[in-house]
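J.: Once you've had a glance at the structure underneath, I'll fire off some questions.
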Amino acid sequence: MDTSQLRTILWLRWHLTRNQWYRGGWLNKAASFFVAGAGIVIGFGGAVAGLLVGALVLTKARPLVLLGIWDVLVGMFLFFWMAGIVSDIQRSETIDIGRVLHLPVSLRQVFFINYIASHLTLVAILFLPGMLGFAAGLALGRGGLMVLLVPLAIGFIFMITAWTYCLRGWLVTLMINPRRRRVVIAVVTFSFILLSQLPNLLGHTFGRGRDSQPSAKETSPSTEQTPSPDTTARRPASLPRAWQIANIAVPLLWVGYGAMSLAQGNVWPALWITAGVFLMGGLGLRRAYRSTIRFYEGQAKEGGRPRTEDKGRIAAQSRPIRTSLLEKALPGVPDEAAAMALAYFRSLMRAPEVKMALATNFLMLLFFGAMFLLRRSSGFEDVIKPFIATGAISLTFFGLIQLMFNLFGYDRGGFRAIVLLPTPRRHILLGKNLALLPIVACIAGAVQLLVTFAARLPILVVLATALQLPAAFLLLSTAGNLVSVVVPYRVAPGSMKPTKVPTLTALLMFVTHLLFPAAMVPIFLPPGLGLLASRLGWAPAGAVNLALSALLLVLFALCYRVCLPGLGALLQQREQAILQVVTHEVE
Amino acid sequence: MALAIETNGLTRRFGSLLAVDGLDLRVEAGTFYGFLGPNGAGKSTTIKMLTGLLAPTAGAMHILGEPISDRRKALEVKRRVGVVPEDLALFDNLTAREYLTFVGRMYGLPLPTVRERCEELLAIMDLDHEDKKLTLEYSHGMKKKLTLAAALIPNPDLLFLDEPFEGVDAVSSRVLRDTLKRCVQRGATVFLTSHVLEIVERLCTAVGIIANGKLVHQSTMDDIRRSGSSLEDRFLEAVGSDQVERQKLSWLEG
């Protein structure tokens with residue numbers, strides 16, 4: 001590949017990016033330019049700041065301090081780098097190899113260009129100059145052996161980017177099958193969310209252990225001793241020791257270990273590490289290249305058992321026709337609404353991204369709910385209990401807001417079928433709302449069960465909550481129908497990620513999320529007024545809570561019924577605009 | 001004879017681009033109508049407007065005698081219409097059988113009818129052995145066949161088919177042609193677009209040619225045959241291809 005071809009490919013990349021920015025409207029264009037500009041300024045600033053800190057501030061810092069700083073830097077970089085991978089996982093390579101291989105360029109050349117271009121991300125622009133600047137600053141400030149830190153840092157970056165590239169290639173191979181593609185995307189996203197929450201969970205778990213220790217000691221006066229000077233001296237050394245072992249064993253933490261060794265005047269570990277990171281990077285790149293070749297030669301393993309057509313045909317012929325879920329009727333629901341509800345429900349339950357998102361929300365609710373509830377070993381005061389129960393409902397719905405407030409975004413091309421249908425649009429909205437009902441009932445039911453036992457809720461509160469749940473569902477369904485019709489957005493297949501929404505839509509989505517607590521205020525009225533009534537001595541709080549919850553349910557059911565035809569008419573009026581949004585695919 | 005499709009001054013703009021320019025279309029009921037035109041002429045835009053997928057910038061449309069700009073009438077009309085749009089209309093996470101069941105129920109068909117028609121349509125489109133496959137795993141041709149099946153399931157009075165044979169294998173194409181002929185024989189109207197003039201010539205009883213958003217020719221196939229020219233000749237003449245100055249491309253000659 002000559003320089004002219006290289007320039008042409010860079011020109012192509014730039015035009016693809018620019019067109020993507022321009023398509024989102026002027027606000028999006030301005031925001032994109034601002035973010036890109038800010039990224040470059042911050043990257044450059046990071047390099048200068050790193051250089052200054054390394055050269056002027058940390059000239060006398062202890063080796064362990066350097067290790068700690070590098071580990072933190074690397075940890076932050078890796079976190080955002082992983083987040084970048086998760087968000088970019090669906091994007092094909094910078095230059096799709098299949099689109100240029102008919103031109104006079106070799107596979108190897110395009111592969112290396114793509115690898116180089118994979119560095120051009122916001123995270124890399126923000127972090128890499130800072131890390132390299134910091135390494136250079138330390139070399140300048142401390143001189144001597146510290147100069148070796150610069151190639152080490154470069155090698156580390158090479159290792160990370162090469163293996164990331166390899167990982168992406170592997171995932172692309174896995175995702176040849178569109179069905180598995182969505183599972184891969186969902187699992188990666190789900191794993192990343194859990195991984196990012198791990199420190200939080202560990203903090204809570206160990207934090208709880210530490211909190212409980214003093215209370216145990218309080219009971220035993222003999223343990224109320226000031227720690228001996230020996231213990232105090234040993235305690236800070238024990239943590240870095242464990243940390244040092246991690247730094248030796250985990251390649252991702254090798255930069256910190258190399259910096260510490262160099263600060264201690266020990267050159268060999270740094271040299272070995274430098275050689276190691278370059279070697280591992282080279283291996284990663286080689287593996288990525290081989291995967292690319294296999295992929296384009298069609299040798300990539302798709303996995304799964306091959307299913308012959310004949311087998312399927314015979315099976316289909318011999319299989320008796322069963323009543324499928326989509327043929328079922330729902331009592332009291334118009335047939336068209338029932339068909340919509342069942343089709344949408346089945347669709348959602350087959351979408352791995354939706355299942356993963358729901359599972360994540362559910363697990364988070366369980367984890368944090370359990371931590372919050374179980375910490376209070378002494379139990380809650382009776383006046384707070386109704387609010388805890390109502391709050392749990394509120395939190396449950398917060399996790400479902402993306403589904404409830406974007407009813408058409410997941411349909412994508414399927415929304416075209418809805419537009420073509422002769423069905424009254426109110427039945428479509430009703431069907432979509434009903435499809436979410438079992439999901440809401442399952443998650444909220446499990447959460448309420450946990451709250452009921454953990455907080456030892458009185459029966460009246462449990463009954464009131466059982467009424468507040470459908471009331472909140474009706475309220476949010478009404479609001480969700482309106483928002484779905486007015487501010488629709490497309491969700492990329494296989495993820496819960498909105499596809500390059502215009503800035504105005506993104507702002508409206510943000511405002512919707514921000515206003516969610518305000519929308520939930522009405523369901524806090526029954527426990528609030530119950531408390532007020534009991535304080536004023538008018539009536540017992542539980543009875544008022546229950547009665548008002550029943551009233552609220554009736555009120556919101558009426559509101560839903562009254563609003564539905566109007567919202568259906570609005571949907572019919574706006575369906576062509578919605579179709580444009582949810583089917584418009586942005587590269 | 002009653003008109004299945006009637007448009008007056010139908011216009012659609014995309015910014016400064018005039019995609020459809022004051023289209024006056026008359027399609028009689030019971031006709032097999034071929035709507036032809038070069039790429040970008042406005043065929044798909046017209047079908048999208050006629051089926052309610054796209055709002056017109058100006059003009060009036062009557063489908064099966066009803067004004068579809070009236071929202072209440074529009075739903076009644078849709079009940080009698082089947083559509084294969086340019087960009088297919090499928091739900092990714094449903095199987096073919098589920099999708100057809102869904103469409104059948106949404107058209108208000110009784111469940112036994114839905115089942116019976118599902119079986120027949122899946123068999124005729126050779127999709128009956130793909131029971132476990134979701135539509136997202138289908139090839140383009142299979143998706144096209146499923147969309148065709150969905151358009152046929154309500155047994156509509158009017159069928160809009162945008163490039164129905166594109167990507168469909170020869171066997172299914174033959175079956176589909178026969179099915180469409182039977183629809184017309186029982187009095188239904190078929191409005192299709194295709195780039196394959198031979199298919200249109202063989203199937204259609206009337207044709208309309210659109211170029212640069214304007215209807216430049218409309219006649220019956222019998223008229224064309226009587227004039228002694230072929231559909232291709234008439235098409236090339238209507239879209240003005242003889243006026244296009246050919247570039248010499250002298251460098252190709254070496």
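J.: Tell me which of these B:Gly141 doesn't satisfy, since it passes every other one: (1) under 27 Å from A:Arg425 (Cβ atoms); (2) more than 9 Å from chain A (Cβ to nearest Cβ).
T.: With (1) under 27 Å from A:Arg425 (Cβ atoms); (2) more than 9 Å from chain A (Cβ to nearest Cβ) applied to B:Gly141, the lone miss is (1).
J.: For B:Pro56, indicate whether it is within 14 Å of chain A (Cβ to nearest Cβ) and of a type outside the set (Ser, Thr, Tyr). Step through it out loud before you land on a result.
T.: Working: within 14 Å of chain A (Cβ to nearest Cβ): yes; of a type outside the set (Ser, Thr, Tyr): yes.
Yes.
J.: Same structure, new question: With the structure loaded, tell me whether A:Ile428 is part of a helix (DSSP H, G or I), β-branched (Val, Ile, Thr) and either modelled with pLDDT under 90 or surrounded by fewer than 24 Cβ atoms within 10 Å (Cβ to Cβ) (or both) or whether it fails that test. First the steps, then the outcome.
T.: Working: part of a helix (DSSP H, G or I): yes; β-branched (Val, Ile, Thr): yes; either modelled with pLDDT under 90 or surrounded by fewer than 24 Cβ atoms within 10 Å (Cβ to Cβ) (or both): no.
No: the conditions fail for A:Ile428.
J.: Does A:Thr503 satisfy the condition of being surrounded by 17 or more Cβ atoms within 10 Å (Cβ to Cβ) and either closer than 26 Å to A:Met371 by Cβ or not small (Gly, Ala, Ser) (or both)? Lay out the reasoning, then the answer.
T.: Working: surrounded by 17 or more Cβ atoms within 10 Å (Cβ to Cβ): no; either closer than 26 Å to A:Met371 by Cβ or not small (Gly, Ala, Ser) (or both): yes.
It is false that A:Thr503 is surrounded by 17 or more Cβ atoms within 10 Å (Cβ to Cβ) and either closer than 26 Å to A:Met371 by Cβ or not small (Gly, Ala, Ser) (or both).
J.: Same structure again: Determine whether A:Glu353 is assigned to a helix (DSSP H, G or I), acidic (Asp, Glu) and over 16 Å from A:Leu429 (Cα atoms). Walk me through how you get there before you give the answer.
T.: Working: assigned to a helix (DSSP H, G or I): yes; acidic (Asp, Glu): yes; over 16 Å from A:Leu429 (Cα atoms): yes.
Judged against the criteria, A:Glu353 is a match.
J.: Scan B:Leu146, B:Leu176, B:Leu180, B:Leu159 and give me the residue that is under 14 Å from the mean Cα position of the chain (by Cα), within 14 Å of chain A (Cβ to nearest Cβ) and either within 26 Å of B:Met49 (Cα to Cα) or hydroxyl-bearing (Ser, Thr, Tyr) (or both).
T.: On the way: B:Leu146 fails: under 14 Å from the mean Cα position of the chain (by Cα); B:Leu176 fails: within 14 Å of chain A (Cβ to nearest Cβ); B:Leu180 fails: within 14 Å of chain A (Cβ to nearest Cβ).
Going through B:Leu146, B:Leu176, B:Leu180, B:Leu159 in turn, the sole match is B:Leu159.
J.: Among the numbered conditions (1) at the interface with chain A (Cβ under 9 Å from one of its Cβ atoms); (2) within 20 Å of B:Val184 (Cβ to Cβ); (3) touching a Ser or Thr at 6+ places or on another chain (Cβ under 6 Å), tell me where B:Asn93 comes up short.
T.: The failed condition is (2).
J.: State all residues of the range A:422-446 that are within 14 Å of chain B (Cβ to nearest Cβ) and either of a type in the set (Phe, Trp, Tyr) or without any contact (Cβ under 8 Å) to a residue 60 or more places away in the chain (or both); if no residue qualifies, say none.
T.: A:Pro422 - this is the single residue of the range A:422-446 that is within 14 Å of chain B (Cβ to nearest Cβ) and either of a type in the set (Phe, Trp, Tyr) or without any contact (Cβ under 8 Å) to a residue 60 or more places away in the chain (or both).
J.: Another one. State which residue pairs qualify: first residue on the phi > 0 side of the Ramachandran plot and inside the range B:104-133, second residue at pLDDT 90 or above and assigned to a loop (DSSP other than H, G, I, E, B) in any location, beta carbons under 9 Å apart, and separation of 6 or more residues or different chains.
T.: Pairs that qualify, where the first residue is on the phi > 0 side of the Ramachandran plot and the partner is at pLDDT 90 or above and assigned to a loop (DSSP other than H, G, I, E, B), are B:Gly108/A:Pro422; B:Gly108/A:Thr423; B:Gly108/B:Arg79; B:Gly108/B:Pro154.
J.: Now, a different point. Could you check, for the range A:353-365, whether at least one of its residues is modelled with pLDDT of 75 or more, more than 31 Å from the chain's Cα centre (by Cα) and away from chain B (no Cβ under 14 Å)?
T.: Among the residues of the range A:353-365, not one is modelled with pLDDT of 75 or more, more than 31 Å from the chain's Cα centre (by Cα) and away from chain B (no Cβ under 14 Å), which makes the answer no.
J.: Then there's this: Evaluate the following for B:Ala123: is it more than 19 Å from B:Phe91 (Cα to Cα), part of a helix (DSSP H, G or I) and modelled with pLDDT of 90 or more?
T.: Here the answer is yes, as B:Ala123 does meet what is asked.
J.: Please go through the range A:456-503 and pick out each residue that is in contact with a Leu (Cβ under 7 Å, 6 or more places away or on another chain), under 24 Å from A:Ala444 (Cα atoms) and not in a helix (DSSP H, G or I).
T.: Answer for the range A:456-503, where residues must be in contact with a Leu (Cβ under 7 Å, 6 or more places away or on another chain), under 24 Å from A:Ala444 (Cα atoms) and not in a helix (DSSP H, G or I): there is none.
Okay, residues lined up against (1) touching a helix residue (DSSP H, G or I) at 6+ places or on another chain (Cβ under 8 Å); (2) closer than 24 Å to B:Glu6 by Cα; (3) surrounded by fewer than 16 Cβ atoms within 10 Å (Cβ to Cβ):
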{"site": "B:Lys143", "(1), (2), (3)": "yes, no, no"}
{"site": "B:Pro164", "(1), (2), (3)": "yes, yes, no"}
{"site": "B:Leu176", "(1), (2), (3)": "yes, no, no"}
{"site": "B:Arg186", "(1), (2), (3)": "no, yes, yes"}
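J.: If we keep just the residues of the range B:72-89 that are buried (at least 22 other Cβ atoms within 10 Å of the Cβ) and either at the interface with chain A (Cβ under 9 Å from one of its Cβ atoms) or polar (S, T, N, Q) (or both), which is farthest from B:Ala149 (Cα to Cα)? Write out each step before concluding.
T.: We begin by selecting, within the range B:72-89, every residue buried (at least 22 other Cβ atoms within 10 Å of the Cβ); these are B:77-78, B:81-85, B:89.
If we keep only those that are either at the interface with chain A (Cβ under 9 Å from one of its Cβ atoms) or polar (S, T, N, Q) (or both) as well, we get B:77-78, B:81-83, B:85, B:89.
Values: B:Val77: 19, B:Lys78: 16, B:Val81: 13, B:Gly82: 10, B:Val83: 10, B:Pro85: 13, B:Ala89: 12 Å.
Only one residue tops the list, namely B:Val77.
J.: I'd like to check something: does the range A:386-409 contain any residue that is within 14 Å of chain B (Cβ to nearest Cβ), in contact with a helix residue (DSSP H, G or I) (Cβ under 7 Å, 6 or more places away or on another chain) and on the phi > 0 side of the Ramachandran plot?
T.: No.
J.: Right, another one. Name the pairs: first residue in the range A:555-583 and more than 17 Å from B:Met49 (Cα to Cα), second residue among the acidic types (Asp, Glu) and not in a helix (DSSP H, G or I), Cβ to Cβ under 9 Å, at least 6 apart or on different chains?
T.: A:Val582/A:Asp411
J.: Given the criteria at pLDDT below 90, under 26 Å from the mean Cα position of the chain (by Cα) and not polar (S, T, N, Q), does A:Leu326 qualify? Can you show your working first?
T.: Numbers: at pLDDT below 90: yes; under 26 Å from the mean Cα position of the chain (by Cα): no; not polar (S, T, N, Q): yes.
When the stated conditions are applied, A:Leu326 does not pass them.
J.: Quick check: anything in the range A:561-581 surrounded by fewer than 15 Cβ atoms within 10 Å (Cβ to Cβ), assigned to a helix (DSSP H, G or I) and away from every other protein chain (no Cβ under 14 Å)?
T.: Checked the range A:561-581: at least one residue is surrounded by fewer than 15 Cβ atoms within 10 Å (Cβ to Cβ), assigned to a helix (DSSP H, G or I) and away from every other protein chain (no Cβ under 14 Å).
J.: Being free of Cβ contacts under 8 Å to residues at least 12 places away in the same chain and of a type in the set (Val, Ile, Thr) is the filter here; which residues of the range A:125-148 pass it?
T.: A:Val147
J.: Moving on. Being assigned to a helix (DSSP H, G or I) and charged (D, E, K, R) is the filter here, so list the residues in the range B:148-198 that pass it. Don't jump to the end; show me each part of the working.
T.: First, pick out the residues of the range B:148-198 that are assigned to a helix (DSSP H, G or I): B:148-152, B:170-185, B:197-198.
B:Arg174, B:Arg177, B:Asp178, B:Lys181, B:Arg182, B:Glu198 - these are the residues of the range B:148-198 that are assigned to a helix (DSSP H, G or I) and charged (D, E, K, R).
J.: Filtering the range B:98-127 down to residues that are touching a Ser or Thr at 6+ places or on another chain (Cβ under 7 Å) and within 7 Å of another protein chain (Cβ to nearest Cβ), which residue is nearest to A:Pro334 (Cα to Cα)?
T.: B:Met106
J.: Exactly one condition in (1) in contact with a Gly (Cβ under 9 Å, 6 or more places away or on another chain); (2) surrounded by fewer than 21 Cβ atoms within 10 Å (Cβ to Cβ) is false for A:Pro488; which is it?
T.: (2)
J.: Within the range A:137-155, can one find any residue that is farther than 30 Å from A:Ala49 by Cα and either surrounded by 19 or more Cβ atoms within 10 Å (Cβ to Cβ) or at pLDDT 75 or above (or both)? It would help to see each step written out before you state the result.
T.: Within the range A:137-155, the first condition is being farther than 30 Å from A:Ala49 by Cα, and the residues that meet it are none.
Within the range A:137-155 (the criterion being farther than 30 Å from A:Ala49 by Cα and either surrounded by 19 or more Cβ atoms within 10 Å (Cβ to Cβ) or at pLDDT 75 or above (or both)), the answer is no, since none of the residues qualifies.
J.: Condition (residue is within 14 Å of chain B (Cβ to nearest Cβ) and not small (Gly, Ala, Ser)) applied to the range A:531-553: is it met by at least one residue? Walk me through how you get there before you give the answer.
T.: If we filter the range A:531-553 for residues that are within 14 Å of chain B (Cβ to nearest Cβ), which is where we start, we get none.
No, there is no match, as no residue in the range A:531-553 is within 14 Å of chain B (Cβ to nearest Cβ) and not small (Gly, Ala, Ser).
J.: Moving on to the next point. Looking at (1) at the interface with chain B (Cβ under 10 Å from one of its Cβ atoms); (2) over 30 Å from A:Ile393 (Cα atoms); (3) modelled with pLDDT of 70 or more, which is the only condition A:Arg294 fails?
T.: So A:Arg294 meets the others, but not (1).
J.: Looking only at the range A:392-400, decide whether some residue is in a helix (DSSP H, G or I) and touching a His at 6+ places or on another chain (Cβ under 9 Å). Talk me through it step by step, then tell me what you get.
T.: In the first step, residues of the range A:392-400 are kept if they are in a helix (DSSP H, G or I); the result is A:392-398.
From the residues that got through so far, the ones that are touching a His at 6+ places or on another chain (Cβ under 9 Å) too are A:398.
Yes.
J.: Given the conditions (1) under 15 Å from the mean Cα position of the chain (by Cα); (2) more than 26 Å from B:Leu53 (Cα to Cα); (3) of a type in the set (A, V, I, L, M, F, W, C), report the number of the one that B:Leu111 does not fulfil.
T.: (1)
The values are calculated or read from the model by the stated rules, or taken from the named source; none is laboratory data. Quick caveat: nothing in here was measured; it's all calculated off a predicted structure. Cβ: placed from backbone, ideal geometry, glycine included. Neighbour counts: every protein chain shown.
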